[in-house]
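Trainee: Could you have a look at this structure, given as structure tokens, before my questions?
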Amino acid sequence: MIQLKNYINDEFLEPIQNEWLDNYNPSNGSVYGQLPNSSLEDVNLAYEAAKKAFESWSQTSLEKRSAILLKIARLIEDNLNRFAEAESKDNGKPITLAKSIDIPRAASNFRFFGHAITQFHSESHETKSEKTINYTLRHPLGVVGCISPWNLPLYLLTWKIAPALAAGNCVIAKPSEITPYTAFLLGEICNEAGLPKGVLNIVHGLGTTTGQAIVEHPNIKAISFTGGTETGKIIAKTAAPMFKKISLELGGKNPNIIFADCDYEKMLTTTVKSSFSNQGQICLCGSRIFVEASLFEQFKTDFIERVSQLTVGHPSNESTQVGALVSKAHIEKVLSFIDRVDSNGGKLLHGGKRVRIKGHEDGYYLTPTIIQVDSNSCHLNQEEIFGPVVTIMPFDSEYKVLEMANDVKYGLSATVWTNNLKRSLFFSEQLECGIIWVNTWMQRDLRTPFGGIKSSGVGREGGFEALRFFTETKNICINYE
Ligand code: NDP
């Protein structure tokens with residue numbers, strides 16, 4: 001049985017109240033470890049450590065901060081297999097995905113912000129007629145909170161921690177209690193990389209207690225949160241009256257719009273990925289597929305055939321393409337949508353069944369599921385399922401599909417497949433979301449702003465946007481007459 005501990009002040013500590021949570025292995029449904037069910041006292045302990053470390057860390061030279069972040073990146077890469085195995089075991093994702101995407105990206109996050117901070121700049125403005133010069137300083141905020149979800153555990157945790165640390169803040173991080181393992185391993189790496197004690201503190205526990213204690217803490221200056229829209233509302237409600245800075249990356253229900261003039265083969269291959277990568281548990285997955293009517297029947301046949309070839313299997317098997325869903329509660333939630341397909345005017349075209357893997361019968365496996373719907377207003381198209389489930393429906397006109405794509409409360413991302421330049425510019429302009437891919441999906445450049453609109457969130461991460469979020473701006477005006 002693995003026992004994870006909190007990482008506070010560069011020490012691995014048991015929770016003060018000695019309360020523990022079980023950690024499940026989704027590939028077989030068994031409990032394989034325990035993690036702290038931390039209380040307010042643990043959060044306070046982490047805060048005291050972070051506060052003490054802040055004075056020195058915020059004054060540390062950029063070169064030194066950068067060098068430490070680059071070393072963390074290198075150590076994650078040196079430990080690729082260990083991290084990938086832990087991530088796959090904790091989350092149920094295929095080991096190949098953890099090795100090729102999740103863990104390399106966690107290293108890239110540290111490397112990117114280790115470099116970015118050395119290029120971060122502010123402005124100065126001279127007004128000769130008034131003999132003034134204005135210049136802007138950007139100071140780190142102090143102690144900040146980073147709260148992340150279970151779908152891309154280390155990838156998203158480090159996407160927050162790296163810019164926060166680079167900008168000179170000290171961090172209290174809470175990973176999802178469902179997938180805490182790689183965050184625990186990160187503590188060991190930080191120690192080896194020479195990150196001073198107290199600069200990063202990782203506190204495990206439930207969102208409603210540990211997470212809420214971080215959000216409510218009067219002296220934690222900012223909350224960077226990625227997770228569900230309902231949780232985002234609670235965080236905003238708590239943090240707003242305290243005037244904390246908040247960045248909220250929330251749910252999505254992303255349209256994937258396919259025109260008949262697209263590069264068909266590329267679109268088909270990418271659409272299989274954008275639908276079912278990580279068991280469909282990526283906030284950027286295209287879960288509402290709209291296909292131009294003239295292409296619809298061909299697409300339907302070919303898509304079902306390609307999807308039926310995907311291998312559902314144990315995450316540690318190198319040939320597995322679709323692993324286990326993250327938890328019992330989550331697979332039950334996803335199945336509850338599938339159970340209501342008929343009553344919502346949908347037609348199950350493929351999948352929708354639990355898969356029993358020999359020797360791992362209690363694992364949370366599900367066949368990739370394709371549902372045909374005849375209206376965008378059905379709840380299958382309006383609610384985030386966040387699993388291996390997509391809907392498909394035909395459309396006749398550009399205007400109709402644009403209206404349907406935007407007719408949802410979310411606004412995270414969209415994909416458009418067309419070789420018509422004018423059309424791609426029109427859709428890029430008109431789609432109500434923060435991220436648009438034309439003829440591709442999930443190609444990420446870490447310099448670009450990342451985030452959603454409407455119920456998909458507030459604020460942007462990535463590049464200098466993240467460094468701006470984790471700094472406070474102060475303008476100084478000097479008259480030199
Ligand atoms: P949740 O909102 O349930 O949880 C996210 C994190 O917040 C977890 O660490 C959770 O702890 C914690 N938490 C829960 N309640 C509170 C609270 N009251 N105060 C502080 N922290 C709290 O999301 P999931 O983990 O279920 O992740 C899936 C969701 O994340 C989906 O909606 C998905 O779309 C979204 N997401 C958005 C992304 C984006 O960039 N926009 C990227 C990836 C995912 P605990 O685990 O204990 O509940």
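Trainee: Could you give every pair whose Cβ atoms fall below 8 Å, whose first residue belongs to region 295-306 and is touching a residue at least 12 places away in the same chain (Cβ under 8 Å), and whose second residue is small (G, A, S), counting only separations of at least 6 or pairs across chains?
Mentor: Hits for this filter: L295/A260.
Trainee: Further, regarding this structure: Assuming I16 fulfils every condition listed in (1) within 19 Å of Q212 (Cβ to Cβ); (2) out of contact with any Asp or Glu (no Cβ under 9 Å at 6 or more places or on another chain); (3) surrounded by fewer than 17 Cβ atoms within 10 Å (Cβ to Cβ) apart from one, which condition is it?
Mentor: (2)
Trainee: Hey, another quick one. Hey, among the residues in region 334-358 that are closer than 24 Å to T311 by Cβ and without any contact (Cβ under 8 Å) to a residue 12 or more places away in the chain, which one's surrounded by the most Cβ atoms within 10 Å (Cβ to Cβ)?
Mentor: Filtering first and then ranking leaves R356.
Trainee: If you don't mind, another one. Here is a list of conditions, (1) at pLDDT below 95; (2) more than 18 Å from S66 (Cβ to Cβ), and E192 meets all of them except one; can you say which number that is?
Mentor: Single failed check for E192: (2).
Trainee: Here's a check for you: in region 414-457, which residue that is touching a Pro at 6+ places or on another chain (Cβ under 9 Å) and in a strand (DSSP E or B) is nearest to C378 (Cα to Cα)?
Mentor: This residue is A414.
Trainee: Identify the residue in region 245-273 that is touching a residue at least 40 places away in the same chain (Cβ under 8 Å) and over 25 Å from the mean Cα position of the chain (by Cα) and, among all such residues, is farthest from the ligand (Cβ to nearest atom).
Mentor: By that ranking, first place goes to D261.
Trainee: Considering each of Q372, Q443 in turn, give the residue that is within 26 Å of V322 (Cβ to Cβ) and exposed (fewer than 14 other Cβ atoms within 10 Å of the Cβ). Talk me through it step by step, then tell me what you get.
Mentor: Details: Q372 fails: exposed (fewer than 14 other Cβ atoms within 10 Å of the Cβ).
Being within 26 Å of V322 (Cβ to Cβ) and exposed (fewer than 14 other Cβ atoms within 10 Å of the Cβ) holds for just one of Q372, Q443, which is Q443.
Trainee: Within region 199-211, restricting attention to residues that are in a loop (DSSP other than H, G, I, E, B) and crowded, with 23+ Cβ neighbours inside 10 Å, which residue is farthest from the ligand (Cβ to nearest atom)?
Mentor: Among those that are in a loop (DSSP other than H, G, I, E, B) and crowded, with 23+ Cβ neighbours inside 10 Å, it is V199.
Trainee: Oh, and also: Can you report the number of residues in region 217-228 which are outside any loop (DSSP other than H, G, I, E, B) and within 6 Å of the ligand (Cβ to nearest atom)?
Mentor: 1
Trainee: Hey, I76 hits all of (1) closer than 22 Å to F470 by Cβ; (2) surrounded by fewer than 19 Cβ atoms within 10 Å (Cβ to Cβ) but one; which does it fall short on?
Mentor: Among (1) closer than 22 Å to F470 by Cβ; (2) surrounded by fewer than 19 Cβ atoms within 10 Å (Cβ to Cβ), the lone unmet condition for I76 is (2).
Trainee: Sticking with this structure for a sec: Looking for something without any contact (Cβ under 8 Å) to a residue 60 or more places away in the chain and away from the ligand (no atom under 16 Å from the Cβ) - is there at least one such residue anywhere in region 318-325?
Mentor: Yes: one or more hits.
Trainee: Evaluate region 392-411: report whether one residue or more is part of a loop (DSSP other than H, G, I, E, B), more than 16 Å from the ligand (Cβ to nearest atom), surrounded by 15 or more Cβ atoms within 10 Å (Cβ to Cβ) and in contact (Cβ under 8 Å) with a residue 24 or more places away in the chain.
Mentor: no
Trainee: Would you point out which residue out of I234, I214 is surrounded by fewer than 24 Cβ atoms within 10 Å (Cβ to Cβ), of a type in the set (A, V, I, L, M) and either farther than 18 Å from K454 by Cβ or within 11 Å of the ligand (Cβ to nearest atom) (or both)?
Mentor: Matching residue, one of I234, I214: I234.
Trainee: Could you please let me know if I103 is out of contact with any Asp or Glu (no Cβ under 8 Å at 6 or more places or on another chain) and of a type in the set (V, I, T)?
Mentor: no
Trainee: I'm trying to understand the selection: among the residues of region 79-101, which are acidic (D, E) and surrounded by fewer than 23 Cβ atoms within 10 Å (Cβ to Cβ)?
Mentor: E85
Trainee: List, please: which pairs have Cβ atoms under 6 Å, are six or more places apart or on different chains, and start with a residue in region 233-244 that is at negative phi and end with one that is near the ligand (Cβ under 9 Å from one of its atoms) and assigned to a helix (DSSP H, G or I)?
Mentor: Listed pairs, sorted by first residue: I235/V215; T238/V215; T238/E216; A239/V215.
Trainee: Next question, about the same structure. K474: without any contact (Cβ under 8 Å) to a residue 40 or more places away in the chain and surrounded by fewer than 17 Cβ atoms within 10 Å (Cβ to Cβ), yes or no?
Mentor: Against the criterion (without any contact (Cβ under 8 Å) to a residue 40 or more places away in the chain and surrounded by fewer than 17 Cβ atoms within 10 Å (Cβ to Cβ)), K474 does not qualify.
Trainee: When you look at E297, is it of a type in the set (D, E), crowded, with 24+ Cβ neighbours inside 10 Å and modelled with pLDDT of 95 or more, yes or no? It would help to see each step written out before you state the result.
Mentor: Details: of a type in the set (D, E): yes; crowded, with 24+ Cβ neighbours inside 10 Å: no; modelled with pLDDT of 95 or more: yes.
Here the answer is no, as E297 does not meet what is asked.
Trainee: Would you check if there is a residue in region 318-329 being touching a Lys or Arg at 6+ places or on another chain (Cβ under 6 Å), crowded, with 21+ Cβ neighbours inside 10 Å, of a type outside the set (K, R) and over 20 Å from Q443 (Cα atoms)?
Mentor: yes
Trainee: Report, ordered by the first and then the second residue, all pairs with beta carbons closer than 6 Å, sequence separation of six or more or different chains, a first member in region 25-54 that is crowded, with 19+ Cβ neighbours inside 10 Å, and a second member that is hydroxyl-bearing (S, T, Y).
Mentor: Qualifying pairs under 6 Å: N25/Y32; P26/Y364; S38/T210.
Trainee: How many residues does region 417-452 hold that are aliphatic (A, V, I, L, M) and within 11 Å of the ligand (Cβ to nearest atom)? Steps first, please.
Mentor: Step one: filter region 417-452 for residues aliphatic (A, V, I, L, M), giving 421, 425, 431, 435-436, 438, 442, 446.
If we keep only those that are within 11 Å of the ligand (Cβ to nearest atom) as well, we get 435.
Number of matching residues: 1.
Trainee: Output the residue which, of all residues in region 126-185 that are among the basic types (K, R) and in a helix (DSSP H, G or I), is farthest from the ligand (Cβ to nearest atom).
Mentor: Top of the filtered list is K128.
The values are calculated or read from the model by the stated rules, or taken from the named source; none is laboratory data. For clarity, every value in this text was computed on a predicted model and none was experimentally measured. Note that we place each Cβ from the backbone using ideal geometry, even for glycine, and neighbour counts take in every protein chain shown.
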